[in-house]
Amino acid sequence: MTVETRLVLTYFFFHKRLTNLTTSCLLLDATMFTSLIALVLSLLLLGGCAGTTSSLSIATTTINGASEQIPATLLKPDGQGPFPAIVMLHDCSGLGARSSGAPIRWGSDLLGLGYVIVSPDSFTTRGHAGGVCTDPSPTRNEVSPNRRVYDAYAALAYLRTLPFVDGSRVGLMGGSHGGLTTLASMVAPERDNEPLAREKRAGFAAAVALYPGCAARMGGWRVVRQAGAGGPITDYVGVYRPVAPVLILIGENDDWTPAAPCRKLTEVARQAGYPVTIKVYPGAYHSFDSYNPMRYDPARVNANSPSGRGATTGGDPKAWEDSTHEVAAFFGQHLMKPGN
């Protein structure tokens, strides 16, 4: 049985049981959620993927500068290191009972390639343990990608305290909500007094964004829409300027985070000399890196829909398989040393 198969069976074993519980039982605390994820990953490791896993709490800050603790999960390969590392950002489903499982799948793959993985949980302790995929309330802004940027750099700072991590070789990766957080985290500061300016300049060495929302405003980059927040895009303004190489992987048929703005973002960035690359998968939809069947959910919050709701997700075996090779090659180029 392959690692991927063990992963899916293990994840859905727990997911099935959690989603069958009563509503009151789903109100698990952050420690229980993080411990469950750690248990799933531990079972995978016992199944043949070498390494150790642990749950922990990391210190982060709010946009207002207040100190805060959030749960996280750490995966470490066997050996003393120092190893390269990756901060893995979850999507809008979070890391609770309704999680898509994508951070677990990717974490398992990258652990097997010799990376330390830390996955911060940006939702559970902030009142969104069930995710925000279908939650249109204003409270979703409390866990917006711009806020989660602080969590990404808090996770980076934590990794750099570990003796088995090479702090100069840390990457960032996320999908969907986490993909946009990844792009936002990599935006180069324009002024020295910007929040996280110092951290960004000495920050991540490379980043992968899976199906991110490239129509969002990021630094000097923004889109112009015909009418309203979900109206058609009529123009693109500015340049996306990352502090390090960025790879975007997205499906051609994505109706949640369309490929067209990502293509344009990449084109303009490359013309300006910035290291952004993109691969668009023909026929693939949002969340192509899953075993889930194609499904349209009218309840999903969608900033790119005229109605503001509704999006399609579903796995695409060919796109998923290729994306694993693309991610391995990209991080291998930017984070690995000869002999790793």
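Annotations
- Listed by Cβ neighbour count within 10 Å, with the fewest neighbours leading, SER108, SER57, SER122 appear as SER57, SER108, SER122.
- Cα gyration tensor category, rounded, prolate or oblate, for the stretch 190-264 with a/c compared to 1.5: oblate
- By other beta-carbon atoms within 10 Å, ranking GLU199, GLU68 with the fewest at the front produces GLU68, GLU199.
- Subtracting the Cα-Cα distance of THR139 and SER168 from 0.36 nm times their residue separation leaves 6.9 nm of extension gain.
- Estimated FRET transfer efficiency when R0 is 30 angstrom, pair LYS279-SER307 (beta carbons, to 0.05): 0.50
- Prolate/oblate/rounded call for the stretch 243-340, Cα gyration tensor, a/c under 1.5 rounded: oblate
- Cα gyration tensor shape of the stretch 79-190, rounded if a/c is under 1.5, else prolate or oblate by comparing a/b with b/c: prolate
- Order of MET294, MET88 under a 10 Å beta carbon neighbour criterion, fewest first: MET294, MET88
A short reminder: the numbers here are calculations on the coordinates, not readings from a lab. What you see is a predicted model, and the numbers here were worked out from it, not measured in a lab. Positions of Cβ are generated from backbone atoms using ideal geometry, with glycine treated the same way; all protein chains shown enter the neighbour counts.
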